[in-house]
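The block underneath contains the structure these notes are about, expressed in structure tokens.
The values are calculated or read from the model by the stated rules, or taken from the named source; none is laboratory data. From a predicted model like this one, the values you see are computed outputs, not experimental measurements. Positions of Cβ are generated from backbone atoms using ideal geometry, with glycine treated the same way; all protein chains shown enter the neighbour counts. All accessible areas refer to the heavy atoms of the entire protein, side chains included, with ligands and DNA or RNA removed. Shrake-Rupley method; radii C 1.70, N 1.55, O 1.52, S 1.80 Å.
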Amino acid sequence: LLKRSRPVEAGAPRREGVKFEDVRLYLVERKMGCSRRSFLTQLARSKGFIVEDILSDVVTHIVSEDTEASSLWTWLKGCELKNLPSVHVLDISWFTDSMREGRPVAVETRHLIQVCVCVTSQTEISTTVSQYACQRRTTTENNNKIFTEAFEVLAESYEFNEIEGPCLAFRRAGSVLKSLTFEVRSLGDTQDLPCLGEHTKELIEEILRYGRSFEVEKILSDERYQTLKLFTSVFGVGPKTAEKWYRRGLRSFSDVLTEPSIQLNRMQQTGFLHYEDISRAVSKAEARALGNIIDEAVHAITLDAVISLTGGFRRGKEFGHDVDFIVTTPELGRERSLLPDVTDRLEQQGILLYCDYQASTFDMSKLPCHRFEAMDHFAKCFLILRLEASKVEGGLNSTEEDSRGWRAVRVDLVSPPMDRYAFALLGWTGSRQFERDLRRFARLERRMLLDNHILYDKTKKEFLAATTEKDIFAHLGLEYIEPWQRNA
């Protein structure tokens, strides 16, 4: 019989020489046997692992030699672990790989003990879903839009109120539902899915029962939410500015623009001036046209330039809010002055409507940074360009009443050194939730620090080199996920 707990070595010290505080193992005795379990426990502890004698909610990795997945999972569910959806249930190969490497290796699909299911068994499928978006493949398809859109309203509401925890929780839950290949039709379909807390499940149940969420409808009808949503839709206006305007009694654009005491900065002035254009979605055809314009401008300056489309369009999206490009050159140091030359050329062409240039502050000697920073330190510029209809195959994404023959479009350019290109490409490709989970996975599962600049191994105390995204995934022990599968 499977046993919930069994002392391995009575009175043995269990925390001496611990190297991996974030990883706590539990070895299942069935099929392994008492003697072998005791030996493997001693081996793992000698290498700095924490091995728990008792199966409880502190355990992060359950290791079993029992290949009968259904009986193992039946037993695990009977143990009533609160965090079972987020625990890795692994076969002995993960343990063997980890002992050989002397550290916890990244969990791959081949390591997981998964319930063998038929395609119609949605509840059982949920046991194989990882808590990390970087271990899930999520395309632009979304079978559960009614739930994920509701979650996003809740997340945005918490964001406006500067309550970070629930905001991240709802976005994580939405990310999990986006990755599902089936439509959730009952609360049972969500059983054992990771990242779904009590509040999210209540919301799902309400929507399943009534076809809508009364909590979400209340938020959408709230004056403060509506006003902050409106104000933050303006280029250059963040939540703090929107809140300040709201507290001053301003409720509309006309209120803001006619208030004498409001001093708009240059970005906000441009945001209001081109609001109709830059609040309208950019099409894939428009993104391609802008790519041609940037490519021509950059290669006119340096022939060996490297240009890559990033962001949502690299992830295969049909529409986006702006278009992002990485622009660099193999000539080390040249990237620091490249963007001003590019924007000068765009201005000469008469298509530069706005430019906010930020010089590089990148300094390798100050890395790794142990605190998360929302923006990297590479040279970058935030532009608004005039895009002519004649440049776009199929024409502009504009209203029928618009007869100008052009529109304003937001374009962001970032210029990392060539040896940082792979890290910048991975970071700027997104999605935001994918990148957030990728950094979390690196930190918790691999004891590494990842950002747009570097990948640093805290155990070996060294920077890991990468020339491609695949190199970074390989360092992390992750299966490579294509850009179009990162829409988490």
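Brief remarks on what is shown
- Leading residue by the ranking (most open to solvent (accessible area, probe 1.4 Å)) among those in region 176-198 that are closer than 17 Å to N83 by Cβ and free of Cβ contacts under 8 Å to residues at least 40 places away in the same chain: E198
- Checked against (1) open to solvent by 50 Å² or more (accessible area, probe 1.4 Å); (2) under 30 Å from R136 (Cβ atoms); (3) under 29 Å from the mean Cα position of the chain (by Cα), K218 passes all but a single condition, namely (2).
- Checked against (1) aromatic (F, W, Y); (2) touching a strand residue (DSSP E or B) at 6+ places or on another chain (Cβ under 6 Å); (3) open to solvent by 10 Å² or more (accessible area, probe 1.4 Å), F272 passes all but condition (2).
- Close pairs from region 422-442: first touching a residue at least 24 places away in the same chain (Cβ under 8 Å), partner open to solvent by 20 Å² or more (accessible area, probe 1.4 Å) and of a type in the set (V, I, T), Cβ under 9 Å, at least 6 apart: A422/T467; A422/T468; L425/T468
- Which listed residue, of L339, L387, L383, is out of contact with any Ser or Thr (no Cβ under 9 Å at 6 or more places or on another chain) and hydrophobic (A, V, I, L, M, F, W, C): L387
- Among the residues here, H274 does not qualify as under 17 Å from T343 (Cα atoms) and either out of contact with any Asp or Glu (no Cβ under 7 Å at 6 or more places or on another chain) or outside the structural domain of D402 (by the TED database) (or both).
- Restricting R436, R446 to residues that are surrounded by 19 or more Cβ atoms within 10 Å (Cβ to Cβ), more than 16 Å from the chain's Cα centre (by Cα) and of a type in the set (K, R) narrows the list to R446.
- Residue in region 243-259 that is more than 25 Å from the chain's Cα centre (by Cα), under 30 Å from I207 (Cβ atoms), of a type in the set (A, V, I, L, M) and open to solvent by less than 30 Å² (accessible area, probe 1.4 Å) present: no
- Here region 388-433 is the region considered, the condition is being part of a helix (DSSP H, G or I) and among the aromatic types (F, W, Y), and the residue that is farthest from the chain's Cα centre (by Cα) is Y421.
- Against the conditions (1) at pLDDT below 90; (2) open to solvent by 30 Å² or more (accessible area, probe 1.4 Å); (3) closer than 26 Å to T128 by Cβ, S35 satisfies every one except (3).
- Scanning region 386-401 for residues that are open to solvent by 40 Å² or more (accessible area, probe 1.4 Å) and out of contact with any strand residue (DSSP E or B) (no Cβ under 7 Å at 6 or more places or on another chain) yields S390, K391, E393, G394, T399, E400, E401.
- Filter result for L383 (surrounded by 14 or more Cβ atoms within 10 Å (Cβ to Cβ) and touching a Cys at 6+ places or on another chain (Cβ under 7 Å)): yes
- Residue that is farthest from N487 (Cα to Cα), among those in region 307-319 that are part of a loop (DSSP other than H, G, I, E, B) and open to solvent by 10 Å² or more (accessible area, probe 1.4 Å): E318
- Options F434, F463; residue that is modelled with pLDDT of 95 or more and more than 22 Å from K178 (Cβ to Cβ): F463
- Taking residues in region 250-261 that are modelled with pLDDT of 95 or more, and partners anywhere that are of a type in the set (V, I, T), the pairs with Cβ atoms closer than 8 Å and at least 6 places apart or on different chains are L250/T227; L250/V256; L250/I262; R251/T227; F253/V234; V256/I262.
- Test: residue in region 202-214 that is open to solvent by 10 Å² or more (accessible area, probe 1.4 Å), without any contact (Cβ under 8 Å) to a residue 60 or more places away in the chain and among the basic types (K, R): yes
- Condition met for R371 (of a type in the set (K, R) and crowded, with 18+ Cβ neighbours inside 10 Å): no
- Selected residue (only one of I92, I50, I125, I54 is modelled with pLDDT of 90 or more and either open to solvent by 50 Å² or more (accessible area, probe 1.4 Å) or over 22 Å from D22 (Cα atoms) (or both)): I54
- Subset of region 320-358 [surrounded by 14 or more Cβ atoms within 10 Å (Cβ to Cβ), of a type in the set (A, V, I, L, M, F, W, C) and not in a strand (DSSP E or B)]: L338, L339, V342, L346, I351
- Within region 449-478, restricting attention to residues that are farther than 18 Å from F49 by Cβ and among the acidic types (D, E), the residue that is least open to solvent (accessible area, probe 1.4 Å) is E469.
- Filter pass, R100 being modelled with pLDDT under 80 and either assigned to a loop (DSSP other than H, G, I, E, B) or open to solvent by 20 Å² or more (accessible area, probe 1.4 Å) (or both): no
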